[in-house]
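The next block holds one structure in the form of C-alpha cells; read it before the comments.
The values are calculated or read from the model by the stated rules, or taken from the named source; none is laboratory data. Here the structure is a predicted model, which is why all the values come from computation and not from measurement. Glycine gets a Cβ as well: all are built from the backbone with ideal geometry, and neighbour counts include every protein chain shown.
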Amino acid sequence: MPKILFIEHNGKEHLVDAEDGKSVMQTAVENMVPGIVGDCGGACSCATCHGYVDPAWQDKIPPKGETEEMMLDGAMNVEPNSRLTCQILMKAELDGLVVRLPASQF
Amino acid sequence: MSAAISWDPYNADLAKDPYPTYKRLREESPLYYNAEHDFYAISRFADVESTLRDKDLFSSAHGDILEFIKARSVMPDSVFIHQDPPKHTAYRALMQRIITPKRMHAVEQDIRKLCARSLDPLIGGDRLDFIANLGAEMPMRAVSMLLGIPEKDQEAIRQSVDDRIRTEAGKPIDIAAQQQLQQEALSGFDEYIAWREKNPSDDMMTELLQSEFKDPQGVTRKLTREEISNIVNVVAGAGNETTNRLIGWMGKTLSQHPDQRREVARNLALVPQTVEEVLRFEPPGPFVAREVMRDIELHGRKVPKGAVMLMLVAAANRDESRFVNGDSFNIHREARPHMTFGQGIHVCIGAPLARLEGRVALEEILKRFPDWEVDLDNAVLSSTSTVRGWDSLPAWIGSRPKNATVSIPKPAAAEAAPAPAAASGEVTLEGTWNVVVKGPTGPQPATLVLEKSGDTYTGSQSGQGSTTPIADFKLTGNKVYWVNHVTKPMKIKVEFTGELNGNVLSGKAKAGFMGSYPFTATKA
Ligand code: HEM
Ligand code: FES
C-alpha cells in the first residue's frame, strides 16, 4: 500500500496508508487527518481539500484540470504547488507522497 | 417494546427535539417511509453521504425541497440549486468563479463592524436577543455586501426572500403563494440590476453583469438580466435564513454548555472549531430532498422511481458510527467533516461565508458578553421544510435576576409607538420625530427634522447613516404626506402617507419598487 505523509500547518506529521485509486483527500478524511475538510466529497466544488504538494512530487502527479485551476484561482493562500487533493488519485508510484496543509481550509 | 416510529417534518412538537427520533430512525428504520406525506427518508451518515454524491440517481431537477419535488416544480435554468447537470454545471461553474472564498473573506472587516454596531448598544444592559439583535440582520447584510446591494434596500430584499421560504408551522409550503412572492421579489431586483449596470463597482453584481460563460446549450455569452435576478434570489435565499439560524444555535447551544463557552471565551482560538461543532450539532437546514430516478432497493426495501427521498442531515451528523457520542456537544471532538453544507455537486457554495459569519459573530459576542443564559420561556422556535431554528432567542447577559420583568432591547430601541393620546390641543409638527418603518421582522429607524416657515414645511430625514432633504410636505386636516428622495447609494423615492393622531404620526411608507411598509413616528 502506498503511503502519504501529511504535514499539518503546525508541523505535526501524519503518515497514513492509502488505498490504490482513492483520492488524497479521501485518504486524509478516512484517517482523520485534521486540516483537510473535503466538504463536497471530491466533486471539485468546495476547495476545502487544499494542500501543498512537495515539489519533489510535482512531475509524478497529473496536472491540474480546468475546474481545479478555476477553483484554486478563488481560494485563499494559494501557492504554485497548491492542489485540490480530491483531484489526485493514489497509485503505487506515489508511495511516500508529501502533502503540507494550509493554516485553514476556510 | 417499541412503537412504530413516526417522523413527520411538519410536526411542530417533534421539531423541539427531533434527535431521539433521529436516533431511532438510524437504528431501527434506516430507510423510513412516511405514508401520510409520501416520502422516504434516510438518516445514517454513510447513506446520506452516498446519496448526495450520486447525482444521477438522486435528482435536483424538481428542486431540493419536499413540496417542490412533489409538485414537480420547474424553474428557469439559472436557478441552479434546482437543476441537474449539465444545466447545473454551467451556472455553478460561473458562480464558482464569482463567489470565491477570496471574495467572501474580503468582507470580514465589514461584517465585524456590523456586529459591533449591533452589539455595542447592548453593553451594560441585561438582555440580548440573538435573532432580533444580530441574526436577523447580519447575514442578510453580509450577502448584500457580497452582491453590492445598497444598505438601505437590504432589509426589504431579505424580507421578500424570507417570506418565500417560510412555511407556517405544521403546514406544507404553499407553492402558489411562493410563486407570487417570487414574482414580486424578482421585479424588485430588476431595477437594482439596471442601476448597477450603470454604476459598476468591484462587487459580485458587477461581475455577474460582465462575466461570460458557456450556457447549457454550449453558447458563450453573458447572463441575461432575468438570469441574474434568479441567481441573486438563489444566493440570497440560501444564505440569509440559514446563517441567521446558525447564530441562534450558537446562542442556544453555548448557553447550555457553559463550561465549554467559558473555555472558548478565554481562548478565542477555539472559535472556529466551536462553530464547526455547532454546525454539526444543530444544522440550520436539517434535511434536503431529491427525486429518485430509478427503482432501487435500500436496506431490504424497494423505493420506486419518482419517489421523494429526504436526506436527514441532522440525523447523519449524530450518527454514532461516525461521531463518538454523537448526541453530545463537544468542541474538542474528532475533527471529522459533517453533512451540514451538503455534499457533492450542490455542496453549499456559501460555506466559507457562513463559517466566517459564524466565527466573527461568536468572537464579537464573546468579547462583550462572555456569559449568557437563554430565556427559553420567551424564545420562539420554528421549523419549516428548509430550516429549523429560532425566530426569537432572548438571553440574559446582565446581573439582573432572571424573573425581573425586562423589555428586550430591539435594534436602536425602535419599539412600536405608544397608543395615540387623546387630541391634546395643537401638536406642533416642527421639531424632531423618531420614525420607525416596520417590516414584519424588524423596525428600520430614521429621524425626521421638520421646520416651518409661513405655511410650508421643509426638513430632512436621516437613516442608515445618510441624511437627505425631504420634499412636497403636505398637511391636510390631520393627513400628512412627504417624500424622501434617498440618493445614496442608489436613487429611490420613499413616499410617506400618514395621519396625525395626538402626538403620533402613522401610515405607510412606499419605498419605490421595494414595496410599502407601515410606519409610526413619535416626537423625539
Ligand atoms: C450556516 C449556513 C448555511 C447552511 C447550513 C447552508 C446549507 C446548504 C446546503 C445543505 C446546500 C445544499 C443543498 C442541496 O444539496 O440541495 C446549500 C447550497 C447552497 N448554498 Fe448554502 N448554506 C448556508 C449558507 C450559505 C450562504 C451564506 C450562501 C451564500 C453566500 C449560500 C449559498 C448557497 C447556494 C448558492 C447553494 C446552491 C448550490 C448548488 O446548488 O450548486 N449558503 N447550502
Ligand atoms: S473535496 Fe471539494 S474540492 Fe476537493
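Observations on the model:
- If you go through the stretch A:58-106 and keep only what is of a type in the set (A, V, I, L, M, F, W, C) and part of a helix (DSSP H, G or I), you end up with A:70, A:71, A:72, A:86, A:92, A:94.
- Of all the criteria given as (1) in contact (Cβ under 8 Å) with a residue 40 or more places away in the chain; (2) of a type outside the set (D, E, K, R); (3) buried (at least 19 other Cβ atoms within 10 Å of the Cβ), the one not satisfied by residue B:71 is (3).
- Residue check for residue A:99: under 22 Å from residue B:335 (Cβ atoms) and away from chain B (no Cβ under 14 Å): yes
- Out of B:360, B:324, B:313, B:308, sole residue that is more than 9 Å from chain A (Cβ to nearest Cβ) and modelled with pLDDT under 95: B:324
- The stretch B:162-260 holds helices (runs of 4 or more DSSP H) entirely within its bounds, and those carrying 1 or more residues that are modelled with pLDDT of 80 or more and either of a type in the set (S, T, N, Q) or within 16 Å of ligand 1 (Cβ to nearest atom) (or both) map to B:204-210, B:225-256.
- Any hit, the stretch B:277-284, residues being away from ligand 1 (no atom under 16 Å from the Cβ) and not in a strand (DSSP E or B): no
- Taking first residues from the stretch B:320-338 that are within 23 Å of residue B:24 (Cβ to Cβ) and partners that are in a loop (DSSP other than H, G, I, E, B) and of a type in the set (Gly, Ala, Ser), the Cβ contacts under 6 Å between residues at least 6 apart in sequence or on separate chains come to B:320/B:326.
- Condition met for residue A:86 (among the hydrophobic types (A, V, I, L, M, F, W, C), more than 16 Å from ligand 1 (Cβ to nearest atom) and closer than 28 Å to residue B:317 by Cβ): yes
- Of all residue pairs spaced 6 or more apart or on separate chains, none has beta-carbon atoms under 9 Å together with a first member in the stretch B:382-396 that is more than 19 Å from residue B:64 (Cα to Cα) and not assigned by TED's automatic domain parsing to the domain that holds residue B:312 and a second member that is among the acidic types (Asp, Glu) and at pLDDT below 90.
- Which listed residue is aliphatic (A, V, I, L, M) and within 14 Å of another protein chain (Cβ to nearest Cβ), from B:351, B:379: B:351
- Of the criteria (1) surrounded by 22 or more Cβ atoms within 10 Å (Cβ to Cβ); (2) away from chain A (no Cβ under 14 Å); (3) farther than 21 Å from residue A:104 by Cα, which one residue B:278 fails: (3)
- Selection count, the stretch B:1-19, where residues are assigned to a helix (DSSP H, G or I), more than 22 Å from the chain's Cα centre (by Cα) and either surrounded by 14 or more Cβ atoms within 10 Å (Cβ to Cβ) or in the same structural domain as residue B:320 (by TED's automatic domain parsing) (or both): 2
- Scan of the stretch B:102-137 for residues that are surrounded by 24 or more Cβ atoms within 10 Å (Cβ to Cβ) and within 12 Å of ligand 1 (Cβ to nearest atom), ordered by number: B:104, B:135
Yes/no matrix, rows are residues, columns are (1) surrounded by fewer than 24 Cβ atoms within 10 Å (Cβ to Cβ); (2) within 16 Å of ligand 2 (Cβ to nearest atom); (3) of a type in the set (S, T, N, Q):
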position: B:345; (1), (2), (3): yes, yes, no
position: B:354; (1), (2), (3): no, yes, no
position: B:357; (1), (2), (3): no, no, no
position: B:363; (1), (2), (3): yes, no, no
position: B:366; (1), (2), (3): yes, no, no
position: B:369; (1), (2), (3): yes, no, no
position: B:375; (1), (2), (3): yes, no, no
position: B:378; (1), (2), (3): yes, no, yes
position: B:383; (1), (2), (3): yes, no, yes
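- Residue satisfying all of: in the stretch A:10-33; over 12 Å from the mean Cα position of the chain (by Cα) and within 13 Å of another protein chain (Cβ to nearest Cβ); surrounded by the most Cβ atoms within 10 Å (Cβ to Cβ) among these: A:14
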